Each structure stands twice: as C-alpha cells, then as structure tokens.
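What follows is calculated from the coordinates using simple rules that are stated; it is not laboratory data. If you're wondering where the values come from, they're calculated on a predicted model, not measured in any experiment. Note that we place each Cβ from the backbone using ideal geometry, even for glycine, and neighbour counts take in every protein chain shown.
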Amino acid sequence: MDLAQWQRLSPLLDELFELDAERRRAELARLRGEDPALADELERLLALEEGHEDFLSAPALSQTLGPASGDMIGPYRLLGLLGEGGMGLVWLAERADGLYRRRVALKLLRPGLANPDLRLRFSREREILAQLQHPHIARLLDAGIGGEGQPYLALEYVEGEPIIDYAKHHALSVEERLQLFLQVCDAVSHAHANLIVHRDLKPSNILVTPGGDVRLLDFGIAKLLHSEEPSPLDPRTEIRTFTLHYAAPEQVRGEPVTTMTDVYSLGVVLCELLAEARPYRLRRQGDAEWERAILEVEPMGPSTALMHIEGDTRPRKVLRKLARRLSGDLDNIVLRALAKKPEQRYASVEALALDIDRHLRGRPVMAKPQGFLYHARKYLVRHRWAIGLGAMVAAVLVAALVVSVMQARQAQREAARAQAMQSFVLGLFDNADSAQQGERFDLRAMLDAGERRGERELARQPLAHAELLGTMAQLRIGLGDYARAQALLDQQHRLLASVDGVPPSLRLQAATQQGRMAWLLGDSRRCLATMLPTLPLASRLQAQFGLPVAAYLSQLGRCQRSAGARLQARPLFLRAQAIRRELKDEVGQAETMGDLAALDAEMNRSGDAIAMLREALALLRNGVGDRHPLVIDLQRQLGNLYRLRGDTELALDTYTDALALAEDLHGPLHPMTLTVRRQQVAVLIDQGRFNDAAAQLRQLHVLTVQALGPQHRETGLSWNSLGIIAWERGDYAEAVADVSRAVAIWRSPDGAQQLPGGLYNLGMVLHSAGRDTEALSALNESRLLRVTQYGASSVLVGDTDRMIGEVLLAQGRMAEAGRRFERARALARIGYPEDHPRRLDAELSLAHFRARNGQAAQVLPTLDDFGQRDGKGSEGPKLRWRARAYAAEARCGMGQAARGRADLDALLGELRRLQPDGGVIPREVQAIRDACSQ
C-alpha cells in the first residue's frame, strides 16, 4: 500500500471504528456502491481488529526501564514526572552536584526509543532553544548527556497554569485576555525572527505564572527555516507530531510549514481564549472529523463559537452580552488568522499582534475591509468626546457637575468615616483607665466598653460602625475569643447588607475575616462559600489594595487546603507570595512560606518543608524580631516535622520555645497555646512517659473543648492522643473508644487531612484489642483515602500496607501478609531516606515476618544488625528493642531457647528501667518471652 492510498483509507477507517456494528455495515454498503475495491480493502483492515481485543493491552515498553524519582541524570536529581509526550519525558529535577541549587524542567528521550531520527529531533530542539533568549520563552539552562548515553535538556522550570485555565480561574476580562495573548505573540515573533517555526502552539504549551507572565514551552517539533542541510526527518513521518486540534490545514495535508502555520495555531488559541470554545462545531468526535473540519469547514468566530458551547452553565443573558463584545473586530481578527490558505492569513505574527493592539486602542483593524463607513465609525468612537463637545457641551457640563457633587459627597463620607473612627479610638484609650484592675490591664473589658460605645456613637454612620466591628473581631481573634469574634462579624455582615455604596476594600476585608473565622472554627465549607464569590473583586483590586488582596488569597488558600483541595490552594499561596514580595511585606512573606511548607509536609516532602520553615523564621526574625505571634505557628510546624522524622529531643526544644512565646503573648488559655501544649505532650508519649502525658492531656482536653467546641478538628486530635495513651497503657477498650471519637469528628469536611491517619490508628488499636476483622476494615479505608489523596506509590500507603500485613499475619494469612510487607518495604525505600524511622520499621517488619514464616536462619543476621544500630530520638531505641526481641524469638524457634530466654530476660530488665510506665513494646516482649518458655 502506498502513501497516497493510505492517506485516503486512514480517515475513512477512523470513522468506521467509531460506529457500532449496524451503522458500520450500512456505511460499508454505501462505499461499496461508489468504489467496490475501496470497500473491500476497508473490510479487510477492519477484520484485523476482530479477535484481537487484547492487542497492546500491556505496554510495549516496560516502565521499569525508565528513570525514577531520585535517579541522577548528569548533575541533576529527578524529583517527579511533570509530563510526557510522544518522544520525551519532562521531569522536575534539581541540580545536585554541589555547584549551586536550582530546580529545572529536565527533558529526556522516552526510554526504549533508539530511533536515530528522534535523537536528531532532540538535538535539533537543543539547537533551537539555544538561539532563543526572550522573557516569555522558557530558557535553555543546560544540555548534555547523562549516564548510559541519555541526552537531556535542562530548561527553566515554570510554575504556572495553561493560558486558558489561568484566564478562567482569574475571571479575566476580554481586554486582560488580549494583553496576555500579546505576550504570546511577542514570544512567537521572537522565534520567527530567529527563523524558527514552533509548529505545535496550543494552550498547554503556553503557561502563565502567578505574576501574570507568559512562558512559551516545547519547541520539540519546531522547524529551523534557515538550515541549509536537508531535514533528517522524512516529512511523511511527522504528520502526527503536532496536536491535531490546533493544526493548520497544510500540516494536516503534510505540506511544508511556514511562519503562517503558527499564525493559524495562534488563531485557534485566541478563539479559545476569548470564547472558551474552539472554532469548529463537529458532527461527532474523532480525528477524522477534526481533519475534515480543518480542511473543509469554515471556522466560526469567537462570538458564534461562544453561543454553541454545550453544557455552559452561564446565563444566556451573560453569554449574549459577551458575544456582542466579541463580535466585529475580534471575530474578523480570529477568522483572518484561521484562513484556509496561508496567503490569506496575516503575513506575520507581528501583523496579528498589531491588529489586536489597534483594537485595544480603538483604531481600525486590518482584518476588516477598509470602507468609508467603517473608518468613520472607528474615528467617531475614538474621538467621540472631542467631536461631540460642541453639540453636547451643556450635557457634559451637567454630567461633570453631577459627578463632582457625587465625588464630593463620597469624599465627605470617607472623611467622616475616618474622622469617626479616629475619634472613637482616641476616646477608647482616653477611658482605658476603666479597664485597669490594680496592676493588671483587662483588654477584654476595654473591648466590651468599646463595643457599647460603638453602638451609641456610630449608630448613624453604618460604614464606620461596620469597619469598627471588623477591627474589634480581629482583636477578639487575637485574644482567642472566637465565639465573640464570630458574633461581631455576623453583626458586621448584617450592617453591610443593609447599606449601599460599601467601599470595595471594606467588602474584601470583611470577606477575609469571615473566612478566617470559619477556618479557625473548623468549617472550611462555610469559609469557601463565604470567600469564593469575592475572588473576582480581589483580582480587580490587586493593583490598588495589594496587601489586603494578598491576605484574602492566603486565607482562601488555607480553606482550600483544609477542604483537601491542595491543587487549588498552591496557586493562591503563590499569588499572595508574589504580591507580598513585590511590596516587601516580610511578615506576609513568612506567613505564606508557612502555608506552602504545610502543603509540602502533607505531600510527604518534609525536607523541603523544614527548609522553607527555617527560611521563613529567619526572614521574620531579621524583619520584626523574635516576638511576633507568627513565630509560634512556624515553630509549631517545625516541631511537628522534627517529631515525624524521629528527632524527639529537637522537637521538644522547638515546642518549648514556641510554648514560652505563646504563653507570653497570648496567655495560657489561648487556642494556639493549647495546641502547642498538646503537641508537646505528644513528645512525652513518644518518650514513653505515659503517666505524665495522660495527666496533662486530660486537663488540656477540657480546655480545648471549652475554647473550640466538641466537634473541632483540634478536639479530634486531643481524643486521638488520649486514645494512643490508653493503647500504650494496655487499656484497649478506652483506646478504641477515644480514637473512634476522633475518627467521627474527622469525617466532617474539615477532617479530610486527619481522617486517613485516624483510621490507621483505629485499625492499630483494634488489632491490639484482638478485633482484627474491624481493624482490617479501618485500615483498608485508610489505605483507599491515602491512595486517593497521595497516589498508590505514596509512602503513607506503604505504612498502611505494613500495618495491614501485621493484621493478616495474626490471622495466619501468610501469603497475603508477605505481599503487604514486601510492598511496604518497596515504597519505604522509594519515599524515605535511608535512616528514616519508618523506612527502618518497614525493613524490620519484613524481616520479622520472614522469621515467623520459616526463614529464621536467613534473617537472623539482619535482626541482630538492627538490634545493634545507633538511632537518635525516641524511635532509635524502640527499633533496637523490637529487633532484639524478634531475634530472640527466632532463636527460640531454632532450638536455641536458652539463649533466646536469656536475651529476652535481659531486654525486659532494661525496659523496666528505661520504660517504667510500660507500653506496647514491653508487653510485646513479655508475650514473646512467655511463648519461648513453652
């Protein structure tokens, strides 16, 4: 079969594959009437599919041959896969040779592709990128060949969204979308000036950073126009290297491409950017139908495409208004860029950009036939005030007078509001002696008096009163009086709803405070419902009210994170960080770094989180000193990460510093103080000091419920800690009851982050209580949630597999248990550093399983090695104790019972001295000793 015949058969074959059996027979009959030979050939090709449903059901190339996270390619360490295409993989990587530290997007050839044409194309991309130096094009930073001859390109890592997604999420106006598109044109024009055609322009290759800057990516199939050497690639093999939906007709036909090919692709992108719809309406989906549309169907302008979007939930009135805005010049610009014949399009990207600029400035565009009436209309629109001045001078003067009066009244209201607030605050402090009680100053009494005065003195100034209520609520939050703060914010909301002309800045601040209060009370759904409607307003106010907008974005990001929407939270934090960095707000920057570190910690990137928290603390201390309230929260987060890493002494020191500052700034009953105290008690549990921990935690639990309520996520954490203490002390019934209470609280939306860990703990204590069927149910639910949140290869999934293996082992289901232990170790080796306590736990659990499954002699050296390892914090000794017990158990089963009993007696003596409060490990060792005596 020659190329011409295949090009005729291919689209017909695509259409037939998409039809059911009956319609396929009818279509073949129709074709047979026109061309019997063609129908016979199609029928023969269709027959090849029958009976081969499993063809390519497994990948042709094993993924295990490819690179993995942690691998080194040249001087770069791979961190995670960002994306993949037909010829290559793009990894997030960091330079790890010690020269400097930088994250890059590392592009590699797909493993197993030895085709020399692809390697030539890869080399050509390096040649292309080396020529391009432009602020809107992702830069080539480095290139080379790694181990095993693997070529790589190190590109600037761009953290952003595809241009269409960015426009949607930020609710950009038509003008803002056009300004973004002009950046794209500028980047493509630069490439063309260097005689390079991109050939695959599409939204996913055009990212927008949180700061609103465009970055053009992926010159993998770009063409060098100036090359004097013949292309090493046969054009016929490149037909499908482009993305069909954005391809020009000449690309579909396999004809040579020019700069006007990119003009066509830009026309499709512009249509989708303006209308959120592509310019073709298909009869049915499929590549063949797309090819037909590109080659034969006249495209729609954005105003028409907008009205044909299926499933659009926007009101028709809104769509019609937007369609009117897009009709005319913008329709003509897009349709000219989408002309079927290259010579009928814009001659260059610069010409396209010039027409868009003309439209933005109200001047005639070249895409419109240049008739007299069109020029006249544009001239009138552009100079409407100057032309109408003589005829409308009276109307203009009246309008100006009305505007002046309105502005004067607005200014008077603003001045009166500011004067009222100033007088009120001064009066508040003039009478502050009423709150003096001996040597103690009662701030709450002063605020109570201020609220009463506000009701009296600002009754006729509702905006000033509303602003005062917001300020009072913020002070109440700082004091930990959450219930009173919520009441003040509810009163503010009612007041603002009753008046007109609320300043946008006050609306934004009110939404931020309402969201913050809902988040502090553990109601992320209410937070999102309150804040999301204000997001378009925040985007409009960013230039004028930068810091309030940054505070709004940060709070919205926290609510998204609490609701489990991490992907939505990160861009909000990054936008807030960009604003605060530009305005040199050091406290705000440190706060946002703490938010980003919390995201990293939840994604098991604890090393990155610790580094960011340390950087945030340094920034805060250099800027405002050591006594800022934010220092408490950053140190609290840092202590959590130290504890998870097994550095209990360092965690305890960090909590102690945070607690001293919290008690000094907030007092002993503030919710933040209670949180730090509870986390400090958790370290006592890690250290085996269960009696001290229990006494402190019972008191803290009562205070936590009083401060936050019985259903708050922090109350759940308190129940969980009480349950773990009961478990360590052997009171399994109480342990199950307490952890079950925590799980019940965390089943609310605000417990999404805590629920998988709570279910894990519930399964663990149920297993100790001998309720293994219930334990497996809880652990399997925990595992499912962790797979959903973090992916099947997460180390947290591996931790759960290890615990499931312990339950299966107790049930005698040896084969299933072995698979769980093996998987737990494999995931731990991928996700944890070599000396991480959880990785060592996985290794030890697998060795213990093998010892109990008839391989005691083989694993005994491993168990002895673990029993002699040094380890820091509280986790190192626990690992050694368990290993020594398991080694002694193995010896008891190998006929060395005397030595096994002696080793266990020595270990029990050591545990009685070092763990006077008992615990799970001493009980497990005693059970092994009892079994060894039988």
For this session: Set the Förster distance to 56 Å, then compute FRET efficiency between residue 150 and residue 490 from the Cβ-Cβ distance, nearest 0.05.
Result: 0.35
Seminar exercise, completed: Any GluC sites (Glu not before Pro) in the stretch 250-346 that lie in a DSSP loop and have at most 16 other Cβ atoms within 10 Å would be 310
Problem set entry | Estimated vicinal HN-Hα couplings, Hz - the stretch 909-924 in sequence order (Karplus 6.51, -1.76, 1.60; Gly, Pro = x) | x, 5, 5, 4, 7, 8, 10, x, 8, x, x, 4, 5, x, 5, 5
For this session: Using Cα pairs closer than 8 Å and at least 6 residues apart in sequence, work out the relative contact order for the stretch 860-934, in percent.
Result: 27
Exercise. How fast does the stretch 542-686 diffuse by Stokes-Einstein, in µm²/s, taking the Kirkwood radius from C-alpha pairs at 20 °C and 1.002 mPa s?
Worked result: 137
For this session: Pop the C-beta distance of residue 814 and residue 899 into the FRET formula with R0 = 30 Å and round what comes out to the nearest 0.05.
Result: 0.70
For this session: Please work out the FRET efficiency for the pair residue 705 and residue 309, using the Cβ-Cβ distance as r and a Förster radius of 41 Å; give the result to the nearest 0.05.
Result: 0.20
Exercise. Considering amide H positions built from the backbone, and no H for Pro or chain starts, which residues 5 or more places from residue 137, or on another chain, come under 5 Å of its amide H?
Worked result: 216
Exercise. Distance in nm between label sites at residue 923 and residue 507, each 7 Å beyond Cα in the beta-carbon direction?
Worked result: 6.0
Problem set entry | Tail weight of P(r) past 17 Å, computed on alpha-carbon pairs of the stretch 472-598, percent | 57
Problem set entry | Cβ-based exposure ranking for 319, 201, 911, in which fewest neighbours within 10 Å come first | 319, 911, 201
Exercise. Residue by residue through the stretch 702-716, which ³J(HN,Hα) values in whole Hz follow from phi under the Karplus form 6.51 cos²θ - 1.76 cosθ + 1.60 (θ = phi - 60°), with glycine and proline marked x?
Worked result: 4, 5, 5, 4, 5, 7, 10, x, x, 10, 6, 4, 5, 5, x
Problem set entry | Cα extents of the stretch 569-617 along the three principal axes, largest first (Å) | 31, 22, 10
For this session: With the Cα gyration tensor of the stretch 860-934 in hand, convert its eigenvalues to equivalent ellipsoid semi-axes via √(5λ) and list them largest first in whole Å.
Result: 20, 15, 8
Seminar exercise, completed: When 573, 17, 866 are arranged by how many other beta-carbons sit within 10 Å of their Cβ, fewest first, they go 17, 866, 573
Seminar exercise, completed: Among 202/317; 168/202; 321/341, the pairs whose Cα-Cα distance exceeds 21 Å are 202/317; 321/341
Seminar exercise, completed: The correct pair for the stretch 751-866, radius of gyration to one decimal and Dmax as a whole number, both in Å and from Cα atoms, is 14.0, 46
For this session: Positive end of the charge dipole of the stretch 788-934 (Lys, Arg +1 and Asp, Glu -1 on Cβ, about the Cα centre): tell me which of 922, 808, 907 has its Cα farthest that way.
Result: 808
Exercise. For residue 88, which sequence-distant residues (separation of 5 or more, or a different chain) have an amide H within less than 5 Å of its own amide H, given hydrogens modelled in the peptide plane?
Worked result: 110
Exercise. More than 18 Å apart: what percent of Cα pairs in the stretch 688-751 qualify?
Worked result: 33
Problem set entry | Within the stretch 644-683, backbone nitrogen closer than 16 Å to the virtual label 7 Å beyond the Cα of residue 624 toward Cβ | 661-662, 665-666
Exercise. Can you sort 697, 81, 106, 567 so the residue with the fewest Cβ neighbours within 10 Å comes first?
Worked result: 567, 81, 697, 106
